[in-house]
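Colleague: Below is the structure I would like to discuss, written out as structure tokens.
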Amino acid sequence: MLRALLLTLSVVAIAHAELCKPDAQNAFKVRISIKTALGDNAYAWDANEEYLFKAMVAFAMRRYSSKSTTQISNVLLCNVTDRVSFWFVVTDSSKNVTTVPGSEVEAAIRMNRNRINSAFLLNDKTLQFLKITSTLSPPVEPSAPVWLIVFGVVLCLVVAGIVFLIVSGIQKHKKKNKESTERENLEEKVEVTLENGIPCEVLDLKAGHINGVFAADDERFTPL
Amino acid sequence: VSATPEIPKEDGRPKWDNKFQYILSCIGFAVGLGNVWRFPYLCQIHGGGAFLIPYFIALLFEGIPLLHLELALGQCLRKGSIGAWNTISPYLGGVGAGSWVVSVLVSLYYNTVLTWVMWYFINSFQEPLPWSVCPLNQNRTGFNEECDQSTAVNYFWYRKTLNITPDIAESGTLQWWLILCLATCWAIVYLCTIRGIETTGKAIYVTAIFPYLVLTIFLIQGLTLPGATDGLIYLFTPNLNTLKNPRVWLDAATQIFFSLSLAFGGLIAFASYNPTKNDCEKDAVTVAIVNSMTSLYASIPVFSVLGFKATTAYWDCLDRNIISIINEFDLPEESIMRQNYTSWIDFLNSSYPEKIAGLRLKSCNLQEFLDQSVSGTGLAFIVFTQAIILMPGSQAWAILFFVMLFSLGLSSMFGNIEGVFTPLLELRIISKSVPKELLSGIICLISFLIALCFTLRSGSYWIDIFDRYAGSVPLLVIAFFEVIGVAYIYKIKRFSKDVEGMTGRKLNLYWHITWKFISPLLLLIVFMAFVTLQMQKPPSYTAWNPKYEGFPMKEEKVYPPWVQAICVLLAALPCVCVPLVALFHLVKQKRRSKDPSFVPPEVFSCQGDN
């Protein structure tokens, strides 16, 4: 009885070894970089993690083909290295000693890649399925191109500045024109009466005009 | 009895609010983009600290004398470049006209460079920065091919910004986003120069001082980055052997000359708004020294950042090799670190040489990364932007950097526009009733319309042409005639009396010697060396061609004949003004001397108003 058991076990083991080996048909290599992803929080890769991996692959197969026949024992791992990298195959329990076609496994993994990644706290780059390309996530597109908004702000500021300067320039110009026409009108009236080049009207309006000669002379008198 | 006080002559000419505004405007004009992206590059390729020797010799014998000449001229004659040279001698009016033409040509293309800076600035407000990631290709399985083969930074510059064609003959269409930015840039220039120095004088406080603030911030940040010291050591380690190469001396002379923005007419225009009694000698020395110090000061953060970039690239190279080795030999993670990489490589090479050869590892050499020297737009838009992505808080650094570049360029634009604006105001073509705002508006509008051709897909090739031909040889020619004109036609004795009247002290022998002999000789030598070097090989350019087999290296192409004709035209147009105007006046003189009622014009003197 024991011998029969040993015999079946060894047959199964040999069969497994046949199915799961590097570059076997329908086998995939997985490469995991835990330290790169998690740094100090890195966990060690041990038999429990392997068990979780098998469970995730089985889960993926179940979700993909929606027939609940894939068991954890259908997923075979081999050649685990220190890197951490290993090969795996998924066997078909309905047909004896065959593996599920690679395309099916690939499609199942792709469909559930996110779930598998998050189970291990990794991403597409740190949990690599060689030969299975990942769909890259689309870049985040904001609703309106940001640069257009900034451009609009800058342009509004500049145009506001220009309008302000032009308007103030026109106002200054108008004021100067008004002043110069006033002075012209004044000078026209006062053409006749001119004393030392100073129109008498201006004298009256501006309450006198200091004549430099006399003002300087005041200093010669001794102050009281 | 005291005499009536002297009434100062009010000629209605605008003037600076204060001396500081004038000095700041001159410094802002001189300090431009070249101080940041050309001087550090020259230092690097010409033996680091050793380059400072020819640089300071050129400053002493070429830069400062010419600067003093222009400032003294403008201050004495109180006119823009065309009017000033006409006053010195009608035969030299062409020098002013040449300056004016160069200012026009340079304004056109310089503002387009600012357009690129503005485009990068408004794109710096996004997370992540658009030049840090490659866009995806059509079916989202990988990255865009052109981007993948080169880098994301290159792709953003050549494709998303310039949308460049592989050949200068293919013009392509106008790029609408560049047109928008160009319009904004010209609007900003209009806003600042709307009333001449009244408005630029206010704007210069910001645009001239702000770059120094940002450079200081970058200096502090740059020095804290890993690898910064490598970059600085590399930059400043003097290699005196390079001084034996005449190319180094030529580069030093041309760098000083172009850096001080001489022969544009802008400095003459600025000085013409000064009161006559102003110490132009001290001003000239101040501006020249501040300009050179700024170049030195700017090269420190630039090289810290370049050192950081080289170190990061070196580490990336090492990391990529390490990953390949770990994957190939299935070694545990972090067994090979950067420190023990070389020992591991040696060990593995001896035990498994075929496997190592099969990996095709790139050799990582820090020196090689440091040697990758870039200048000009490549430095700002490719190398620096890549370094900024690696810094924490990249958006802030990018915004600061591009605003700094914009301020540097804008303050130089003020000088260029003044060089165009002031002579036009004085020419009797424009009537007095035309307000200044309208004139500056018309100048900016016409310049914008002409500069639209730089927003074509082949625009950046044309800007290179303008930079190489319109902004180089004509300036040397004009400066040469300036010095000769003042020293030998106006006569140094007369000019030194004028300068004495302005500064209040006798002119030093140094100025006499440099103006009469050294500077003209130096200019002649530099001009001939420059032209000889240009003529040695047919003018060529490097094109960005994704279909080139050496892509992402740029393809070396020769200019087609019609483009070469335009190059010659650009270089010759300002120069040819000088003999043409002289000839025109000669003919006019011959005709006038036959007229019996002819009265010879008065001899002009600077202080002859007393």
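The values are calculated or read from the model by the stated rules, or taken from the named source; none is laboratory data. Note that the structure is a prediction, hence the values are computed from the model and not measured. Here the Cβ positions follow ideal geometry from the backbone for every residue, glycine too, while neighbour counts run over all protein chains shown. Ligands, DNA and RNA are stripped out before the accessible areas are found, and what is left, the full protein with its side chains, is counted by its heavy atoms. Shrake-Rupley method; radii C 1.70, N 1.55, O 1.52, S 1.80 Å.
Colleague: With the requirement that a residue be more than 18 Å from the chain's Cα centre (by Cα), within 30 Å of B:Thr224 (Cα to Cα), not small (Gly, Ala, Ser) and not in a helix (DSSP H, G or I), what does the range B:373-430 give you?
Modeller: B:Met391, B:Pro392
Colleague: Can you confirm whether the range B:192-205 contains a residue that is open to solvent by less than 40 Å² (accessible area, probe 1.4 Å), over 22 Å from B:Met293 (Cα atoms) and without any contact (Cβ under 8 Å) to a residue 12 or more places away in the chain?
Modeller: Residues of the range B:192-205 open to solvent by less than 40 Å² (accessible area, probe 1.4 Å): B:192-197, B:199-201, B:203-204.
Those left that are additionally over 22 Å from B:Met293 (Cα atoms): B:192-197, B:199-201, B:203.
Next cut, without any contact (Cβ under 8 Å) to a residue 12 or more places away in the chain only: B:199.
Scanning the range B:192-205, I find at least one residue that is open to solvent by less than 40 Å² (accessible area, probe 1.4 Å), over 22 Å from B:Met293 (Cα atoms) and without any contact (Cβ under 8 Å) to a residue 12 or more places away in the chain, so the answer is yes.
Colleague: I've got another one for you. Considering every residue within the range B:440-457, establish whether at least one is within 29 Å of B:Leu162 (Cβ to Cβ), outside any helix (DSSP H, G or I) and open to solvent by less than 20 Å² (accessible area, probe 1.4 Å).
Modeller: no
Colleague: Which pairs do you get when a residue that is within 18 Å of A:Gln71 (Cα to Cα), found in the range A:92-120, comes within reach of a residue that is open to solvent by less than 50 Å² (accessible area, probe 1.4 Å) and of a type in the set (D, E, K, R), reach meaning Cβ atoms under 7 angstrom, with the pair 6+ apart or on two chains?
Modeller: A:Thr98/A:Asp92; A:Thr99/A:Asp92; A:Val100/A:Asp92
Colleague: Any idea which of B:Ser304, B:Ser343 is surrounded by fewer than 18 Cβ atoms within 10 Å (Cβ to Cβ), over 24 Å from A:Gly39 (Cβ atoms) and more than 14 Å from chain A (Cβ to nearest Cβ)?
Modeller: On the way: B:Ser304 fails: surrounded by fewer than 18 Cβ atoms within 10 Å (Cβ to Cβ).
When all the criteria are applied, what remains is B:Ser343.
Colleague: Okay, moving on. Can B:Leu136 be described as open to solvent by less than 40 Å² (accessible area, probe 1.4 Å) and either touching a residue at least 12 places away in the same chain (Cβ under 8 Å) or away from every other protein chain (no Cβ under 14 Å) (or both)?
Modeller: Values: open to solvent by less than 40 Å² (accessible area, probe 1.4 Å): yes; either touching a residue at least 12 places away in the same chain (Cβ under 8 Å) or away from every other protein chain (no Cβ under 14 Å) (or both): no.
Judged against the criteria, B:Leu136 is not a match.
Colleague: Now for a different question. Considering only the range A:45-60, state which residues are part of a helix (DSSP H, G or I) and either open to solvent by less than 60 Å² (accessible area, probe 1.4 Å) or touching a residue at least 60 places away in the same chain (Cβ under 8 Å) (or both). Please lay out each step first, then the result.
Modeller: Taking the range A:45-60 as the starting set, the residues that turn out to be part of a helix (DSSP H, G or I) are A:47-60.
Within the range A:45-60, A:Glu49, A:Glu50, A:Leu52, A:Phe53, A:Lys54, A:Ala55, A:Met56, A:Val57, A:Ala58, A:Ala60 meet the criteria.
Table: residues versus (1) within 14 Å of another protein chain (Cβ to nearest Cβ); (2) within 30 Å of B:Cys192 (Cα to Cα); (3) assigned to a helix (DSSP H, G or I); (4) modelled with pLDDT of 90 or more.
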site: B:Pro5; (1), (2), (3), (4): yes, no, no, no
site: B:Trp16; (1), (2), (3), (4): no, yes, no, yes
site: B:Ile27; (1), (2), (3), (4): no, yes, yes, yes
site: B:Cys43; (1), (2), (3), (4): no, no, yes, no
site: B:Tyr55; (1), (2), (3), (4): no, no, yes, yes
site: B:Ala58; (1), (2), (3), (4): no, no, yes, yes
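Colleague: Oh, and also: Regarding the range B:106-117, can at least one residue be identified that is buried (at least 17 other Cβ atoms within 10 Å of the Cβ), within 10 Å of chain A (Cβ to nearest Cβ) and of a type outside the set (A, V, I, L, M, F, W, C)?
Modeller: no
One line per residue, one yes/no per condition, for (1) at pLDDT below 85; (2) surrounded by fewer than 16 Cβ atoms within 10 Å (Cβ to Cβ); (3) within 14 Å of chain A (Cβ to nearest Cβ):
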| position | (1), (2), (3) |
| --- | --- |
| B:Thr312 | no, no, no |
| B:Ile323 | no, yes, yes |
| B:Phe329 | yes, no, yes |
| B:Pro332 | yes, yes, yes |
| B:Ile336 | yes, no, yes |
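Colleague: A:Thr69 is checked against (1) surrounded by fewer than 14 Cβ atoms within 10 Å (Cβ to Cβ); (2) in contact with a Ser or Thr (Cβ under 9 Å, 6 or more places away or on another chain); (3) within 13 Å of another protein chain (Cβ to nearest Cβ) and fails just one. What number does that condition carry?
Modeller: The number of the failed condition is (3).
Yes/no per residue for (1) closer than 21 Å to B:Ser540 by Cα; (2) modelled with pLDDT of 90 or more:
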position: B:Leu438; (1), (2): no, no
position: B:Cys444; (1), (2): no, yes
position: B:Ser447; (1), (2): no, yes
position: B:Ala451; (1), (2): no, yes
position: B:Thr455; (1), (2): no, yes
position: B:Ser460; (1), (2): yes, yes
position: B:Ala470; (1), (2): yes, no
position: B:Leu475; (1), (2): no, yes
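Colleague: What's the number of the only condition in (1) in contact (Cβ under 8 Å) with a residue 60 or more places away in the chain; (2) away from every other protein chain (no Cβ under 14 Å) that B:Arg159 fails to meet?
Modeller: (1)
Colleague: Taking B:Lys277, is it more than 14 Å from chain A (Cβ to nearest Cβ), more than 26 Å from B:Gly376 (Cβ to Cβ), open to solvent by 30 Å² or more (accessible area, probe 1.4 Å) and modelled with pLDDT under 90? Explain how you work it out, then say what you get.
Modeller: Numbers: more than 14 Å from chain A (Cβ to nearest Cβ): yes; more than 26 Å from B:Gly376 (Cβ to Cβ): yes; open to solvent by 30 Å² or more (accessible area, probe 1.4 Å): yes; modelled with pLDDT under 90: yes.
Spelling it out, B:Lys277 is indeed more than 14 Å from chain A (Cβ to nearest Cβ), more than 26 Å from B:Gly376 (Cβ to Cβ), open to solvent by 30 Å² or more (accessible area, probe 1.4 Å) and modelled with pLDDT under 90.
Colleague: Continuing with the same structure: Just checking, which of A:Arg83, A:Arg115, A:Arg110, A:Arg63 is charged (D, E, K, R), under 36 Å from the mean Cα position of the chain (by Cα), assigned to a helix (DSSP H, G or I) and within 14 Å of another protein chain (Cβ to nearest Cβ)?
Modeller: Details: A:Arg83 fails: assigned to a helix (DSSP H, G or I); A:Arg115 fails: within 14 Å of another protein chain (Cβ to nearest Cβ); A:Arg63 fails: within 14 Å of another protein chain (Cβ to nearest Cβ).
Criteria check complete, one pass: A:Arg110.
Colleague: Determine the pairs where a residue that is over 22 Å from A:Val75 (Cα atoms) and more than 11 Å from chain B (Cβ to nearest Cβ), located within the range A:21-44, has a partner that is of a type in the set (D, E, K, R) and part of a helix (DSSP H, G or I) with Cβ atoms under 8 Å apart, the partner being 6 or more residues away or on another chain.
Modeller: That search, which allows pairs on different chains as well, returns A:Tyr43/A:Glu49.
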